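What follows is a set of notes on a single structure, which appears directly below.
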Amino acid sequence: MHTAELALSLLLVVIIVVSLLSNVLVLICFLYNAEIRKQVPGLFILNLTFCNLLLSASSMPLTLFGVLSNAHPGGQIFCQVVGFLDTFLTTNSMLSMAALSIDRWVAVVFPLSYHSRIRHRDAVLALAYTWVHSLSFSVVAACLSWVGYHQLYASCTLCNGRAVNAKTQFAIYTMVLHSLTFLLVSVVLCVTYLKVLKVARFHCKRIDVITMQTLVLLVDIHPRIVELFVTEPFNPYWGVLCKCLAYSKAACDPFVYSLLRHQYRKTCSDITNRLLKRSSPNGSGHQQENGKIGRAKEIVKDGGVGARPAD
């Protein structure tokens, strides 16, 4: 095995393990803590977590198999199903990120009117749109046989498996998909976090970390758009590396949007104490008061991601 293939394989293994463990931990926290379940952003985080988990369990292992064996993973129909899931889950997770960034912006810039501006009904409608948007592009790609094994990425993903005369249609589809999903989400992230930065300048470090995720989105846009207009073949290692960086978002999301927050850290501590049969440092009589104080601190410290203003 070539050194580059070994390095990419190890990188994929690390991403898969971290993504699975961190997203499962977020899901456990969501199920354990009733307060988290009541929060409107919890719906977006739950949707994002499920997308990342399914992506980690379906597309990532097959990419690892493709890198190790340099072979087509499974049959054609199986790869088309995985490619459909890859397109749907990636698009859905991108739009969930945009919804969370908008929620953060409203919570920080309009804290007093947050409850009237962001309600559960609004979150459900936003999630419904993300599913319709993601399913629409995924179904079109599947019906037109634009999903399958792509040698450049060693993955079952978007690819033009039809005749040469369909290249123009596939190029238009790819441009529209990436413009209305990846590029749009990148713009939303940059605009909302720049506005948040004006309100919480002393927390710019955390905001910079989240805004850096826009670069990960652009990494996925770059090779797909370039290959539409360049006839010369790409280095396959470059394609797989870009795919790995795109996968890394699934491993980073749980920390950026959940596990680094006070409420999730406290929930993890409570779960650990319960498993070890130790008493929680916070007595039961103070849990509600501490919860309100914690939520108020999160709006200032975390900028509103998944946080609600204190009652």
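The values are calculated or read from the model by the stated rules, or taken from the named source; none is laboratory data. Quick caveat, the model's predicted, so the values are computed rather than measured. Ideal geometry is used to build each Cβ from the backbone, glycine not excepted, and the neighbour counts take in all protein chains shown. Heavy atoms of the whole protein, side chains included, go into the accessibility calculation; ligands, DNA and RNA do not. Shrake-Rupley method; radii C 1.70, N 1.55, O 1.52, S 1.80 Å.
Please give, to one decimal in nm, the separation of the simple spin-label points placed at E5 and L197, each 7 Å out from Cα toward the Cβ.
With each label point 7 Å from Cα toward Cβ, the separation is 4.3 nm.
Set the Förster radius R0 to 22 Å, insert the Cβ-Cβ distance between L21 and V81 as r into 1/(1 + (r/R0)^6), and round the FRET efficiency to 0.05. Show your work: numbers first, answer last.
Values: r = 26 Å, r/R0 = 1.16.
For R0 = 22 Å, the calculated efficiency reads 0.30.
Might you report the magnitude of the Cβ-based charge dipole of the stretch 1-156 about its Cα centre, with Lys and Arg at +1 and Asp and Glu at -1, to the nearest 20 debye?
Details: 6 positive and 5 negative charges, 101 e Å.
I would put it at about 480 debye.
Go through D270, D86 and list them by solvent-accessible area, largest first, probe radius 1.4 Å. Intermediate values should be presented prior to the final figure.
Values: D270 30, D86 10 Å².
Result of the area sort, largest leading: D270, D86.
For the stretch 101-120 and the stretch 1-74, write down the distance between their C-alpha centroids in whole Å.
29
What nm value, rounded to one decimal, do you get for the distance between H120 and T168 when each label is placed 7 Å out toward the C-beta?
About 5.1 nm separates the two model spin labels.
At what distance in nm do the modelled label points of V176 and V13 sit from each other, each positioned 7 Å from its Cα along Cα→Cβ?
Distance between label points: 4.3 nm.
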